[in-house]
Amino acid sequence: RERTYIMIKPDGVQRGLVGEIIARFERKGYKMAAMKLVKPSTEHMEEHYADLKDKKFFPGLIKYMTSGPVVAMVWVGDGVVAGGRVLLGATKPSESAPGTIRGDLCIDVGRNVCHGSDAVESAEKEIAHWFPEGVAEWTSHSESWVYEA
Ligand code: GTP
Ligand code: MG
């Protein structure tokens, strides 16, 4: 099945939102395949957000994202790349719907608590970047209750 890279940003960790964010992915029916708490280096984070390096907010983004530990995760499920971003909500909290993680839990685009891959291709790239050691292979007992086939 499809995989995505989800990351709880330093503000999410500092604000004690780790359990809340993980619970939303679990309740949806997605399966966790990897998770670790890491304090990323500047180089590692610059590579993760390499597409944004020309943006004026890039230096602030890297400073924010390396200011404390993040929770790096891989989640699995049909349509999980797009579906994961639905759970996260719009990038700007002022535009993210109530009921979404960002809509419910944050106010500022520069402190928007979570990251989710934006396409299947970038998801696979990000998973390789954050989990070069690989991820867990396991079968969830809920699978036949989450999927018709
Ligand atoms: P990610 O899941 O974090 O990749 O967010 P996204 O895919 O919804 O948005 P994008 O990749 O365009 O931006 C990455 C991150 O940069 C955002 O989540 C914000 O934390 C930050 N960012 C984006 N736009 C702005 C902005 O206009 N100002 C500031 N300060 N930060 C921004
Ligand atoms: Mg993005």
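Matching residues to (1) under 20 Å from VAL13 (Cα atoms); (2) within 12 Å of ligand 2 (Cβ to nearest atom):
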{"site": "HIS48", "(1), (2)": "yes, yes"}
{"site": "GLU95", "(1), (2)": "no, no"}
{"site": "ASP104", "(1), (2)": "yes, no"}
{"site": "ASP108", "(1), (2)": "yes, no"}
{"site": "CYS114", "(1), (2)": "yes, yes"}
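From the list GLY103, GLY89, GLY83, GLY79, which residue is of a type in the set (Gly, Ala, Ser) and more than 18 Å from ALA123 (Cα to Cα)?
Result: GLY103 is the single residue among GLY103, GLY89, GLY83, GLY79 that is of a type in the set (Gly, Ala, Ser) and more than 18 Å from ALA123 (Cα to Cα).
Would you check which residues across the range 39-67 are free of Cβ contacts under 8 Å to residues at least 24 places away in the same chain and away from ligand 1 (no atom under 13 Å from the Cβ) and list them?
The one that is free of Cβ contacts under 8 Å to residues at least 24 places away in the same chain and away from ligand 1 (no atom under 13 Å from the Cβ): GLU43.
Would you please list the contacts, defined by Cβ atoms under 7 Å and residues six or more apart or on different chains, that run from a residue in the range 115-138 that is on the phi < 0 side of the Ramachandran plot to a residue that is away from ligand 1 (no atom under 16 Å from the Cβ) and among the acidic types (Asp, Glu)?
VAL120/GLU2
Which of the residues that make up the range 67-99 are among the β-branched types (Val, Ile, Thr) and buried (at least 18 other Cβ atoms within 10 Å of the Cβ)?
Selection gives VAL70, VAL71, VAL74, VAL76, VAL80, VAL81.
Can you pull out the residues in the range 107-146 that are of a type outside the set (Gly, Ala, Ser), within 18 Å of VAL80 (Cβ to Cβ) and more than 16 Å from ligand 1 (Cβ to nearest atom)?
Within the range 107-146, PHE131, VAL135, GLU137, TRP138, THR139, GLU143, TRP145, VAL146 qualify.
Can you name every one of the helices (runs of 4 or more DSSP H) wholly within the range 1-93 that holds 1 or more residues which are within 30 Å of ALA149 (Cα to Cα)?
Because the criterion is at least 1 residues that are within 30 Å of ALA149 (Cα to Cα), the helices (runs of 4 or more DSSP H) in the range 1-93 that meet it are 18-28, 80-88.
Starting from the range 68-89, take each residue that is within 23 Å of HIS44 (Cα to Cα) and free of Cβ contacts under 8 Å to residues at least 60 places away in the same chain and list its partners that are surrounded by fewer than 19 Cβ atoms within 10 Å (Cβ to Cβ) and of a type in the set (Lys, Arg), counting only C-beta distances under 9 angstrom and pairs at least six apart or across chains.
GLY68/LYS39; PRO69/LYS39
Output the helices (runs of 4 or more DSSP H) that fall wholly within the range 96-149 and possess 2 or more residues being under 22 Å from TYR64 (Cα atoms), or say none.
Answer list for the range 96-149: 101-105, 120-130.
In the range 72-91, how many are small (Gly, Ala, Ser) and under 10 Å from the mean Cα position of the chain (by Cα)?
The total comes to 2.
When you go through (1) over 13 Å from THR4 (Cα atoms); (2) surrounded by fewer than 16 Cβ atoms within 10 Å (Cβ to Cβ); (3) within 13 Å of the chain's Cα centre (by Cα) one by one for ARG102, which number turns out not to apply?
(2)
Just to check your reading of the model, which residue among GLY116, GLY89 is more than 12 Å from TYR30 (Cα to Cα) and in contact with a Phe, Trp or Tyr (Cβ under 8 Å, 6 or more places away or on another chain)?
Exactly one of GLY116, GLY89 is more than 12 Å from TYR30 (Cα to Cα) and in contact with a Phe, Trp or Tyr (Cβ under 8 Å, 6 or more places away or on another chain), namely GLY116.
A short reminder: the numbers here are calculations on the coordinates, not readings from a lab. On a predicted model such as this, the values are computed, not experimentally measured, just so you know. Note that we place each Cβ from the backbone using ideal geometry, even for glycine, and neighbour counts take in every protein chain shown.
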